[in-house]
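Take a look at the structure set out below.
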Amino acid sequence: MDQHSKTKSDSESLPAGLTLRALRPTDSEQYHALLQLPAVVHGNPHVPFETLAQTRESMAKIDPTAIAMVATVGDTLVGIAQLSPMKGRRSHVGSFSISVHDAWHGRGIGRRLMVELLDLADNWLGLRRLELNVFADNHAALAPYHKFGFEIEVRQRGAVLRRGVLIDSFMMARFHEPAPLMSGPLASPLNANGAPRNGTKP
Ligand SMILES: CC(C)(COP(=O)(O)OP(=O)(O)OC[C@H]1O[C@@H](n2cnc3c(N)ncnc32)[C@H](O)[C@@H]1OP(=O)(O)O)[C@@H](O)C(=O)NCCC(=O)NCCS
């Protein structure tokens, strides 16, 4: 996905030099550090104080069909996002997650990552349903999810333990129309009577 790397310039609030690109093995230390930040732990279900080795192991296990993306400003990793298509009879479904470095919240990075993931899901992978889980008190995430068309389908009561409280989690989903064909439907090689059209074989 490195060929899809791009620098954003269409919003004044975005940090100068913000770049989105594919996750690289050399990002592991910054990726790990971001996952340990207080607001990132607060908004996600992973266990705090995981080791760098555990993070590297999780990075290595990312399914090859998933798109793991990072946002950088210069050499600083400021956000991470992942879109994971499902398999088999759920191959029209994808799940995704986004986290922005605590020091970079409110600068449009989460929105930018979301726009990119939705474009990939809708216009490149042809996913029809996107789903995610979000804690019921995570207003910073709920606001943009609602704005991008996600609806709450299920409230999972007491789904995750956080600082001694069982936190409710919402499962949210968003549907997308199938992609249109570039051209109209093909003309049938048979006429209305079932006979071959002139010059064509059935
Ligand atoms: C949720 C998160 C990804 C948002 O990223 P961000 O870069 O701070 O968000 P942005 O600056 O792009 O803002 C996106 C939108 O959400 C709104 N928003 C941001 N913080 C908000 C808050 N606390 N309350 C309500 N709305 C908020 C913004 O106004 C913006 O709306 P707009 O697009 O209409 O202008 C970020 O807060 C985060 O990483 N939190 C910790 C990890 C986490 O909770 N991840 C999500 C797990 S489901």
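Nothing in this text is a laboratory measurement; each read-out follows from the coordinates by a stated rule. As the structure is a computational prediction, the values presented were derived from the model and not from experiment. As a convention, Cβ positions derive from the backbone with ideal geometry for all residues, glycine included, and neighbour counts pool all protein chains shown.
Odds and ends about this structure:
- At R0 = 30 Å, FRET efficiency that the Cβ-Cβ distance of Glu29 and Val160 yields, to 0.05: 0.70
- In terms of other Cβ atoms within 10 Å, Leu118, Leu161 run from fewest to most in the order Leu161, Leu118.
- Sorted by Cβ density within 10 Å, fewest first, the residues Val165, Val160, Val78: Val165, Val160, Val78
- At most 14 other Cβ within 10 Å, DSSP loop - trypsin sites (Lys or Arg not before Pro), the stretch 30-114: Lys61, Lys87
- Over the chain: helical MRE at 222 nm, DSSP H runs n ≥ 4 each giving -39500 (n - 2.57), nearest 500: -6000 deg cm²/dmol
- Computed label-point distance, nm, for sites Asn191 and Phe175 using a 7 Å Cα→Cβ extension: 4.2
- Electrostatic dipole magnitude of the chain [Cβ: Lys, Arg +1; Asp, Glu -1; Cα centre; debye, to 20]: 660
- Each part reduced to its alpha carbon centroid, the stretch 92-111 and the stretch 135-202 end up 20 Å apart.
- Expressed per residue, the C-alpha convex hull volume of the chain stands at 183 Å³.
- Sorted by Cβ neighbour density within 10 Å, fewest at the top, the residues Ser91, Ser183, Ser13: Ser183, Ser13, Ser91
- Between the residues Trp124, Ser28, Thr72, the greatest Cα displacement towards the positive end of the dipole of the stretch 23-180, with unit charges on the Cβ of Lys, Arg, Asp and Glu, is found for Trp124.
- Sparsely packed loop sites in the stretch 124-175 (the trypsin sites (Lys or Arg not before Pro) outside DSSP H, G, I, E and B with at most 10 other Cβ atoms within 10 Å) comprise Arg163.
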